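**Student:** Could you have a look at this structure, given as structure tokens, before my questions?
The values are calculated or read from the model by the stated rules, or taken from the named source; none is laboratory data. For clarity, every value in this text was computed on a predicted model and none was experimentally measured. Counting neighbours? That spans all protein chains shown, and the Cβs are built from the backbone with ideal geometry, glycine included. Quick note on the areas: whole protein, heavy atoms, side chains included, nothing else; ligands and nucleic acids left out. Shrake-Rupley method; radii C 1.70, N 1.55, O 1.52, S 1.80 Å.
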Amino acid sequence: MNRIQTEKERSTMTLDGKEVTFTKGETIYEVADRHRKNIPSLCYDPRLDPFGGCRLCVVEIDGARNPVASCTTKATPGMVVRTATEKIEKYRKTLLEMVASENRELDVDPLRGYASQELKTLVGRYGAGTGRFMGAQSGTSNMDDTNPFILRDYDLCISCYRCVRVCAEQEGDYAISIMNRGFETQITTEFNGTLKDSACTFCGQCVQTCPTGALADKKAMRAIDLPGEIEKTRSICPYCGVGCSVDILTKGDKLVGIHPAMDGPANEGALCIKGQFAFDFVQHPDRLTTPLVRGDAGELHEASWDEALDRAAEGFRKAAEKHGRHSIYGVASGRAPSEAAYLMQKFIRAGFGTNYIDNCSRA
Amino acid sequence: MSNPLVDMEKPDVIFCIGTNMTECHPVAATRLKKAIARGAKLIVADPRRIELADISDLYLPLRVGSDVVLLLAMAHVIAREGLIDREFIEHRTTKGDAFLEHVVEFTPKWAEEITGVPAKDIETAAIWYGMADKAAIYYTLGITEHICGVDNVQSLCNLVLMTGNIGREGTGINPMRGQNNIQGVGDSGALPNSYPGFQAVTDPENQAKFTELYGTEIDLENGITKVTALDFCGDQIRAMLIDGENTLLSDPDRMHCEHALKSLDHLVVIDIFLTDTAQLADVVLPATAFGETDGVCTNTERRVQRVRAAVSPMGEAKPDWWIVCQLAKCLGFQGFDFASPKEVFNELCRVSPIYAGLDWDRIDKSEYQWPVPDKAHAGTPRLHEVEFVNGRGIFSIVRYRDPAETVSEEFPVWLTTGRRLQSYHTRTQTGRAQGIDYLLSEEALEVHPDDVEAWGLSNGEWCQMSSARGSVKIRVKATKRSPRGTVFASFSFSDVPVNILTGSGYDPITQTAELKVCPVRVELA
Ligand code: SF4
Ligand code: SF4
Ligand code: FES
């Protein structure tokens, strides 16, 4: 057996008066996060390269003249860090007041996206929604983009660039970019056109990382007016074999949307257009809702489960009697869960004693 | 996959062959893109200039069905340049000498003739793959849906074995599975040659074990495959139970398929929609869908994961497992008294060694990749680390064979088929999701612009495409994604049933249909 060197270099630093250990390469934000310091942040997404744009995550370091952004500053041995002094908390509040003043609304519906409540929550936490800066709005919504999936409500954009970064770093599509600077900053596609005419694949990752709901899930938003709380159920995407983890969003008995699971082992927060947006086949009016049985006139008509099961069983019994047990064949589904496949093969093997069972992987 | 999905971010050299990953497995492709951004080299072999080709460092546009030739020539170069891993070959493989001898004759020059790939690019690909510390292979149906699908896979295995690119991080041979539980359905024993957990049915010990478990004497010989069963419909095969598969659209040679199902005395289909296939059934049983069902699925990296119900079933729809149980009980079969999917899954775990360490509660957090032989085992993210399942890796002597049909005067064009990002399989699901039409409203035949002109077609207009089996009308889309002389269409739309044309042959071992190659004639409609 070869022994793999797993021991990483560990050192210590002081965090809010307590000595803590860290691994070389960790940022102050990451160390603080492990110790549940709850440093506020807006441009931070743990999956992305640190960016240091919003300055909300600043902390004080002994010996440093000015506070530093904790998300971009690496922890060093012996460092003494304070994450929430009165001065810093005041600074954060002012920053949030300025950010909030530029936005049309803060109280966005959670159906807009996974991270859409981040700004709203922070403004609430800091009591920063007072409108002290009543400024002009930055960013202009692109309502001409009539794609059915992604709302581009840039009136709510705070220029954290998480969308641009997730598209480049996580999705690898480079479909969107930043135009202009400062107050005029605008998120755009190549040639300032629609997403459909860009490299966008409608994976929805930009929607799910947006902290203000500026980018929003149009399909989920159809359910905003439905009564009831949003509930989440962890499951696996029904499409390809990658097996992305998702949270199914429901209101009452209605499936209203999908969130990628940030801790899903196969996808780590990513989805594609199918997993993100193609969920509404589930409660579609075309669904089969009762068993069907072929009548004497050759038509399929609705039947009770008892009648349908009897008919189904009768056909197999007759075939086996007349033509022997090798006249019956089973095809299991690659779409249904394993319990179905297991029982299909058991049905054939235990019931007829043959191996006349297969699945759809040959096609 | 021999290696876990996270390993896709780790290779130095990535070799993708016969996989349109950005469209078929988009989330997996994002991991490759990360590896590339980190500096990994990407080699792409595919007849079509797919998106992956655009981001590759080396693109090998091979003629459809000539994969074995390309791979033999790569092996030739690796051997000639001394890039083989002698230690690995000696300790972990057998028949290496015969293989190295075998590849001496297959020069890149010879391969260029058949594949159309420049010999110097074959050399480069082989040298990159052979020199890499960590090289990984990814493939999908572009490798398997051929009459020589097994030869193709074995050729890839040969490359892996000769360079020792297996059993380590960022290496391996990785088929990407197409359906959410296509891995799980095989694991569960829905195969004519194996019991649950891939236990061979021809092994008398396994037979004895299951005879005891199930209380029935079970045949010692392999069953027939679905392809053969369809051939025998109306003859030996009289009754079929099909769970959730739109056979008519997804299987090759639609006419044959439809005829086969119609000639049955009895057809029962379990599905969530009244598909083309369900419409032929005597009894259709409504199943629960995603979001309505509790159960277990296994993904392409062998990760066993829970799916969960979030809403009530539509109407009277029932879970597939329940339906099969009821049917079995109506027939008086023993051993179908399950009250929950948990009980079913736990029985599956008890009877299959690869799941032996698992049960319903243990997989709650998606932590395990099989094999998990016992409760103390942490699972197996990476296969073949110290040993292959059967001890040593065996080199295979593979030779090139022409596809079942090759282009001729009558059918001078290669048709190859596949999938598209926005639609899934036969569109029973995506076709019913709002908004998808905005991006993909109908099927089109992708034709190189030069061919569009040469064949007297025009972009956006209809054409008639015929093979030895039938003919379809389809719109023309001029695109340089298709090479000259090769056209592409997906099989997703029922109004353009491309599978009327395909189905020229099957792999003799797996009976996988040659969906990737079909000579056709394309003319103005
Ligand atoms: S949907 Fe995906 S591809 Fe399109 S802009 Fe957003 S992150 Fe990029
Ligand atoms: S659209 Fe959202 S994610 Fe993108 S920069 Fe604006 S606020 Fe950030
Ligand atoms: S979170 Fe650190 S600067 Fe925005």
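**Student:** Ranked highest first by the average count of other Cβ atoms within 10 Å around their residues, in what order do B:210-217, A:157-164, B:164-171 fall?
**Tutor:** Working: B:210-217: 15.5, A:157-164: 23.8, B:164-171: 21.9.
For the peptides B:210-217, A:157-164, B:164-171, the packing ranking is A:157-164, B:164-171, B:210-217.
**Student:** So what are the range B:187-255's ellipsoid semi-axes, whole angstrom, largest first, if each one is the square root of 5 times an eigenvalue of the alpha-carbon gyration tensor?
**Tutor:** Over the Cα atoms of the range B:187-255, the ellipsoid semi-axes are 27, 13, 11 Å.
**Student:** Amide H of residue B:415: which non-local residues (sequence gap of 5 or more, or other chain) have their own amide H closer than 5 Å, using H built in the peptide plane?
**Tutor:** When sequence neighbours closer than 5 places are left aside, the close amide H contacts are B:487, B:518, B:520.
**Student:** With runs of 4+ DSSP H residues as the only contributors, calculate the mean residue ellipticity of the protein assembly as shown at 222 nm using -39,500 (n - 2.57) per run, divided by the residue total and rounded to the nearest 500.
**Tutor:** Details: 28 runs with 240 residues, N = 888.
The helix-only estimate for the protein assembly as shown comes to -7500 deg cm²/dmol at 222 nm.
**Student:** Another question about this same structure. Give me the net charge of residue B:86's neighbourhood, meaning all other residues with Cβ under 13 Å from the Cβ of residue B:86; Lys, Arg count +1, Asp, Glu -1.
**Tutor:** The answer is -3.
**Student:** Return the long-range amide H neighbours of residue B:366 (sequence gap of 5 or more, or a different chain), with a cut-off of under 5 Å between placed amide H atoms.
**Tutor:** Amide H neighbours of residue B:366, under 5 Å, 5+ apart: B:306.
**Student:** Summarise the long-distance tail of P(r) for the range B:135-283 by giving the % of C-alpha pairs beyond 24 Å. All intermediate terms of the calculation are to be shown ahead of the outcome.
**Tutor:** Values: 5625 of 11026 pairs.
Of all Cα-Cα pairs in the range B:135-283, 51 percent lie more than 24 Å apart.
**Student:** How large is ³J(HN,Hα), in whole Hz, for each residue of the range A:348-357 in order, when computed from phi with the Karplus curve 6.51 cos²θ - 1.76 cosθ + 1.60 and θ = phi - 60°, using x for Gly and Pro?
**Tutor:** Karplus-based 3J(HN,Hα) across the range A:348-357 equals 6, 6, 6, x, 10, x, 10, 10, 7, 9 Hz.
**Student:** I've got another one for you. Within the set of other residues whose C-beta is less than 14 Å from the C-beta of residue B:73, count the net charge using Lys and Arg as +1 and Asp and Glu as -1.
**Tutor:** -2
**Student:** For chain B, what class follows from the C-alpha gyration tensor (a ≥ b ≥ c being the square roots of its eigenvalues): rounded when a/c is under 1.5, otherwise prolate if a/b is larger than b/c, else oblate?
**Tutor:** In terms of gyration-tensor shape, oblate.
**Student:** Report for the protein assembly as shown the percent antiparallel among DSSP-assigned beta bridges with both residues inside it, nearest 5.
**Tutor:** Given both bridge residues lie in the protein assembly as shown, the antiparallel proportion sits at roughly 55 percent.
**Student:** Shifting gears a bit: Per q in 0.10 Å⁻¹, report the Debye log10 I(q)/I(0) for chain A, using one uniform scatterer on each alpha carbon and no solvent.
**Tutor:** Reported log10 I(q)/I(0), two decimals: -0.79.
**Student:** State, in square angstrom and to the nearest 100, the accessible area buried between chains A and B, both chains counted, probe radius 1.4 Å.
**Tutor:** Buried area between the two chains comes out at roughly 11000 Å².
**Student:** Can I ask one more? Extending each Cα 7 Å along its Cβ direction at residue A:304 and residue B:365, get the distance between those two points in nm, one decimal.
**Tutor:** 4.8 nm
**Student:** Please name whichever of A:43, A:298, A:85 sits farthest to the positive end of the charge dipole of chain A, dipole taken about the Cα centre and charges placed at Cβ: Lys and Arg +1, Asp and Glu -1.
**Tutor:** My answer, from the dipole projection, is A:85.
**Student:** What is the magnitude of the charge dipole of the protein assembly as shown about its Cα centre, with +1 placed on the Cβ of each Lys and Arg, -1 on the Cβ of each Asp and Glu, and no other charges, expressed in debye to the nearest 20?
**Tutor:** The calculated dipole for the protein assembly as shown is roughly 2240 debye.
**Student:** Label points 7 Å out from Cα along the Cβ direction at residue A:107 and residue A:90: separation in nm?
**Tutor:** 3.0 nm
**Student:** What lysines does residue B:41 reach when the alpha-carbon gap must be under 27 Å and sequence neighbours fewer than 8 apart in one chain are set aside?
**Tutor:** Answer for residue B:41, where 27 Å is the Cα cut-off: B:10, B:33, B:109, B:120, B:134, B:480, B:516, listed by chain and number.
**Student:** Determine ³J(HN,Hα), in whole Hz, for all residues of the range A:100-113 in sequence, where each value follows from phi through the Karplus function 6.51 cos²θ - 1.76 cosθ + 1.60 and θ = phi - 60°; x replaces Gly and Pro.
**Tutor:** Residue by residue, the range A:100-113 yields 5, 5, 7, 9, 5, 8, 9, 7, 8, 6, x, 5, 4, x Hz.
**Student:** Now a separate question. Using only the alpha carbons of the range B:5-176, determine the length spanned along each of the three principal axes and report them from longest to shortest in whole angstroms.
**Tutor:** 40, 34, 28
**Student:** Something else about it: Among rounded, prolate and oblate, which fits the range B:413-524 when a ≥ b ≥ c are the square roots of the eigenvalues of its C-alpha gyration tensor, a/c under 1.5 means rounded, and a/b larger than b/c means prolate?
**Tutor:** Working: a/c = 1.80, a/b = 1.03, b/c = 1.76.
Oblate, because a/c is 1.5 or more while a/b does not exceed b/c.
**Student:** With N denoting the number of residues in the range A:102-221, provide Rg(C-alpha) divided by 2.2 N^0.38 Å, to two decimal places.
**Tutor:** That ratio works out to 1.02.
**Student:** From the P(r) of the range B:119-163, can you give the percent of Cα pairs sitting at distances over 12 Å?
**Tutor:** The proportion of pairs with Cα distances above 12 Å equals 66 percent.
**Student:** Using only alpha carbons, build the gyration tensor for the range B:360-408 and give me the equivalent ellipsoid semi-axes, biggest first, whole Å.
**Tutor:** 39, 19, 7
**Student:** If you take every DSSP beta bridge fully contained in chain B, what fraction is antiparallel? Give it as a percent rounded to 5.
**Tutor:** Restricted to chain B, the bridges split so that about 35 percent are antiparallel.
**Student:** Over all directions, average the projected area of the Cα convex hull of the protein assembly as shown and note it in nm².
**Tutor:** That works out to 39.1 nm².
**Student:** Could you please tell me the mean projected area of the C-alpha convex hull for the range A:164-291, averaged over all directions and given in square nanometres to one decimal?
**Tutor:** Hull-based average projected area comes out at 10.2 nm².
**Student:** Apply the a/c threshold of 1.5 to the C-alpha gyration tensor of the range A:228-284 and tell me whether it is rounded, prolate or oblate.
**Tutor:** Taking the square roots of the gyration eigenvalues as a ≥ b ≥ c, the range A:228-284 is oblate.
**Student:** Which values of log₁₀ I(q)/I(0), to two decimal places, follow from the Debye formula for the range B:310-386 at q = 0.14, 0.23, 0.27 Å⁻¹ with a uniform point scatterer at every Cα?
**Tutor:** For the range B:310-386, the Cα-only Debye profile gives -0.62, -1.03, -1.20.
**Student:** Please find, in a Gaussian network model of chain A (springs between Cα atoms separated by less than 10 Å), the residue of A:248, A:178, A:28 whose mean-square fluctuation is greatest.
**Tutor:** A:178
**Student:** What dipole magnitude, in Debye to the nearest 20, does the range A:225-354 give about its Cα centre under +1 on Lys/Arg Cβ and -1 on Asp/Glu Cβ?
**Tutor:** 700 debye
**Student:** Given H placed 1.01 Å from N in the peptide plane, which residues other than close sequence neighbours of residue B:404 have an amide H under 5 Å from its amide H?
**Tutor:** Answer set, sorted by chain and number: B:147.
**Student:** For the range B:1-88, take the alpha-carbon Rg, divide it by the Kirkwood Rh, and send me Rg/Rh.
**Tutor:** Reported Rg/Rh, Kirkwood definition of Rh: 0.99.
**Student:** Please list the equivalent ellipsoid semi-axes of the range A:292-359, computed as the square roots of five times the alpha-carbon gyration tensor eigenvalues, in descending order and whole angstrom. The partial results should precede the final answer.
**Tutor:** Working: eigenvalues 105, 60, 20 Å².
Equivalent ellipsoid of the range A:292-359: 23, 17, 10 Å, largest first.
**Student:** With θ set to phi - 60° and the Karplus curve 6.51 cos²θ - 1.76 cosθ + 1.60, what are the ³J(HN,Hα) couplings of the range B:372-383 in order, to the nearest whole Hz, using x for Gly and Pro?
**Tutor:** 10, x, 8, 5, 8, 7, 8, x, 10, x, 10, 7
**Student:** For the range A:2-84, would you read off the P(r) tail past 19 Å as a percentage of all alpha carbon pairs?
**Tutor:** Numbers: 1203 of 3403 pairs.
Pairs farther apart than 19 Å: 35 percent.
**Student:** Now for a separate question. Just counting partner chain Cβ atoms within 10 Å, what average do the residues of peptide B:360-372 show around their Cβ?
**Tutor:** If you average over the peptide's residues, the count of other-chain Cβ atoms is 1.
**Student:** Specify the inter-centroid distance of the range A:107-126 and the range B:435-483, based on alpha-carbon positions, in whole Å.
**Tutor:** Each part reduced to its Cα centre gives a spacing of 47 Å.
**Student:** Please enumerate, by chain and number, the lysines with C-alpha under 17 Å from the C-alpha of residue B:318, excluding those fewer than 8 residues away in the same chain.
**Tutor:** The qualifying lysines are B:329, B:342.
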